[in-house]
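Okay, so here's the structure we're looking at.
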Amino acid sequence: MAIRNIKTLIIVTLLLLLATHVQGLVEPGRIAVYSTPSGAVACIDTVYCDTTDAIFTVTGNTWHTITVTNKGYMPWTYNLFAVSSRTQRVDAALELNSAITVLQVDVTPGSGTVCLDNVLCHTGVGMFSGSGSTQFLGVSEGYHTITVRSPGGYQDYFTPVYVNLAKTTYLNINLKSLSTPTTPVAPIITPIGTPIASPTGTVRVYVDQTGSTVCLDTTNCRQNVGGPVGPGTGTTLFTNVSVSTIHTISVTADGYRPYSTQVTVQEDMIRTVDVSLQSSTLPVTTVTARPPSEQPTPLATRAGLGAVPVIGALALCGAVFLSRNIQR
């Protein structure tokens, strides 16, 4: 009976050793992020960011949060369970932020009807004795048509207008009286618009050592860029970076010299910074050589499996062999 219990214990121990080893070898997964429109900023767990279309390597068999943002659009968020050794695709359909892109129409005299693309109409805009003003929110970027159905005694009017994304575009129209000789007059358009927020750009940083710390102006810092410390390329994005200002990019990593550089960005543009870290000079220490009999035993085999589990497994196999001989 004792020998049978020993066999059971040996089998359970071997299974536990194998399960522990397999658990540590979970293959990573991959997430491919696409967006409409493309060129948006996609982030995985708010740490790893790139512009769409983008492919990320992530920890397998676990949940990840995907966020996609783009100027003039509503933020998009999605939770995905990344399967080990698989590439999963995510498509983000971004919606315009109605509070950001605005077309404002001012018309004199008022009380008429103002239509956008002959579909969306605002009636009774303003007073006949003065001016009227109305706004169209969430307008897509590009050319649109504004039509004015004038009050009595004035000519109807229509004109194309270009709308800028994430800005307010102003259109001023002075209607002509029907008793006045008709001479087409172009409306006064402010195509540049008035920015709702200060103009910004994006800074993308590539570093040739993962696990680095990357900072923008020493205050906005990203740690463990690209994953655990080691060789490889890490990348991170800094969005909403003010333009016409000199910014400092600094990078630090254990065992490497600190790196810093100054950059400027342009509105709605991505400025890329490539960082190659230099190994720091380490002090030389004297190490006393040990005799061969005192050399430490390696902690891992060439294949990556710990030496201790391997030796234990061999010893257990030997015990099984001895137990069988005892039974005989």
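Bear in mind these aren't lab numbers, they're just calculated from the coordinates by the rules spelled out. These figures come from a predicted structure and were not determined experimentally. Neighbour counts run over all protein chains shown; Cβ positions are idealised from the backbone, glycine included.
Taking one quarter of the surface of the convex hull spanned by the alpha-carbon atoms of the stretch 205-280 gives a direction-averaged projected area of 4.5 nm². Here each label is just a point 7 Å from Cα along the line to Cβ, and for SER280 and ILE246 those points are 2.7 nm apart.
Just check the stretch 76-137 against the gyration tensor rule for me: Cα atoms, a ≥ b ≥ c as the square roots of the eigenvalues, rounded for a/c under 1.5, and otherwise prolate or oblate depending on whether a/b exceeds b/c. Can you show the working numbers first?
Values: a/c = 6.89, a/b = 4.73, b/c = 1.46.
In terms of gyration-tensor shape, prolate.
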